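A quick write-up on the structure given underneath.
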């Protein structure tokens with residue numbers, strides 16, 4: 001197939017696809033219900049994800065946005081198709097080629113098409129590169145994707161995260177191809193540390209099932225951490241490079257161990273970027289028990305900061321806040337989330353996002369100081385749920401804790417689903433499902449359904465209306481956001497979160513309105529009034545006022 005005028009990537013796995021990318025307000029695309037799979041023609045134009053196997057339920061919004069972005073930025077039409085099995089197709093090769101040809105993938109991009117097929121039953125992996133893209137999507141690259149990226153995530157029953165890694169690597173290469181500013185030597189240098197698997201090589205991943213590298217369910221006994229954030233960073237790099245196994249300093253929090261495993265055995269994505277981090281200059285930004293390894297406000301995903309916290313045992317890497325706060329936008333952009341989280345004020349100079357600025361407080365916020373306590377609770381609750389799988393309280397407590405610490409979907413989704421089944425009239429499973437869908441997947445439409453159910457059960461809770469207002473804001477429905485947030489303010493007039501969000505809503509309505517629209521001046525006046533209400537609230541929120549004021553100034557409201 002070396003002469004195909006497509007790049008065809010066929011992944012046959014058992015999981016789902018996740019794209020952790022920035023949501024762009026106004027992207028209102030809502031995939032419609034799918035008809036039965038057919039090879040005769042593409043079922044729907046302007047659609048990039050076809051989930052016939054129903055394994056991408058929690059990743060569909062982000063995945064669809066990611067694929068649209070590849071088409072718009074790099075002129076490569078990328079599709080994902082999931083199927084429960086191969087059906088009448090004799091081989092996966094035949095199925096892939098038939099889909100590409102019959103659906104005419106890449107037709108409008110001079111044959112530059114990308115297809116990911118996920119077949120749930122057979123659990124094979126095949127990656128095939130067409131002639132026109134072979135110079136960038138090389139044999140070494142395809143082998144790396146197949147054997148080093150997907151394998152460990154498959155073993156961890158977290159293939160969605162594995163495909164994130166694949167899509168990120170594909171975006172890097174697609175960007176390189178699109179810009180055209182490369183030489184064979186540059187590509188060889190990129191490939192020299194990758195596994196040369198051979199274009200068209202196929203793997204049967206079931207052979208690896210005994211080599212489990214999944215999240216640990218029983219964290220190890222805590223060890224002494226580093227004395228400073230800088231020492232923790234240097235030791236972590238040494239361990240990742242395979243040179244620090246003799247160093248007894250423990251630089252992972254218990255939650256980081258749970259998520260990343262052995263400090264001396266990093267995944268391949270970490271290894272690939274290790275050389276950059278080892279040679280990069282950096283600053284240590286510190287405030288009390290939180291610190292940031294900061295490479296400067298530079299573009300490039302590898303220049304994103306690393307977050308460390310001081311535990312009772314010393315300084316350690318904080319994976320919970322790292323995942324929640326450091327967001328990879330379109331390559332090479334990275335951002336830091338706004339919200340009432342530690343570290344955020346240390347990174348006030350960098351690009352910021354409101355994609356996860358949820359109205360959370362108190363027990364719903366992770367604290368590094370309680371990391372070991374979370375680990376103990378997890379061990380107890382996992383044992384309780386194993387012994388009493390129908391105990392709603394135990395199932396919900398474990399689900400809630402896993403949502404707070406941001407564990408991978410295979411540790412969360414089945415618990416939330418089980419809790420809803422055990423007690424369909426209890427509001428908590430819907431509350432935490434909505435929170436998780438935003439913090440982990442940026443799935444705003446999915447979260448909206450959950451929060452609607454929550455409000456139906458808890459109509460007296462301002463959190464539900466604050467959360468719904470946030471979701472409408474992110475979906476670009478600013479008037480509905482205002483209507484809902486007004487209900488939250490009526491319940492709790494001391495609600496800086498709602499006032500600040502309404503100020504943004506009104507400002508965006510003003511910007512989007514026709515200059516002849518008689519309501520336009522009122523939108524501007526209302527935006528400034530909401531700022532004053534936020535400033536006058538009995539309970540101050542200085543950081544949110546600073547964010548809002550800066551945002552309004554950039555839009556020339558102040």
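The values are calculated or read from the model by the stated rules, or taken from the named source; none is laboratory data. Given the structure is predicted, the values throughout are model-derived calculations rather than measurements. When we count neighbours, we look across all protein chains shown, and the Cβ atoms used for this are built from the backbone with ideal geometry, even at glycine.
Observations on the model:
- Filter result for residue 72 (at pLDDT 75 or above, surrounded by fewer than 19 Cβ atoms within 10 Å (Cβ to Cβ) and closer than 30 Å to residue 352 by Cα): yes
- Some residue of the range 235-249 being touching a helix residue (DSSP H, G or I) at 6+ places or on another chain (Cβ under 7 Å), within 29 Å of residue 376 (Cβ to Cβ) and in contact (Cβ under 8 Å) with a residue 40 or more places away in the chain: yes
- Subset of the range 216-238 (residues that are touching a strand residue (DSSP E or B) at 6+ places or on another chain (Cβ under 9 Å) and modelled with pLDDT of 95 or more): 226, 227, 228, 229, 230, 231, 232, 233, 234, 235, 236
- Among (1) at pLDDT 95 or above; (2) within 29 Å of residue 59 (Cβ to Cβ); (3) not in a loop (DSSP other than H, G, I, E, B), the one test that residue 393 misses: (2)
Conditions tested, residue by residue: (1) at pLDDT 95 or above; (2) surrounded by 18 or more Cβ atoms within 10 Å (Cβ to Cβ); (3) not assigned by TED's automatic domain parsing to the domain that holds residue 140.
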| site | (1), (2), (3) |
| --- | --- |
| 264 | no, no, yes |
| 280 | yes, no, yes |
| 283 | yes, no, yes |
| 286 | yes, no, yes |
| 295 | yes, yes, yes |
| 298 | no, no, yes |
| 316 | yes, yes, yes |
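- Any hit, the range 126-138, residues being assigned by TED's automatic domain parsing to the domain that holds residue 184, assigned to a strand (DSSP E or B), modelled with pLDDT of 80 or more and in contact with a helix residue (DSSP H, G or I) (Cβ under 7 Å, 6 or more places away or on another chain): no
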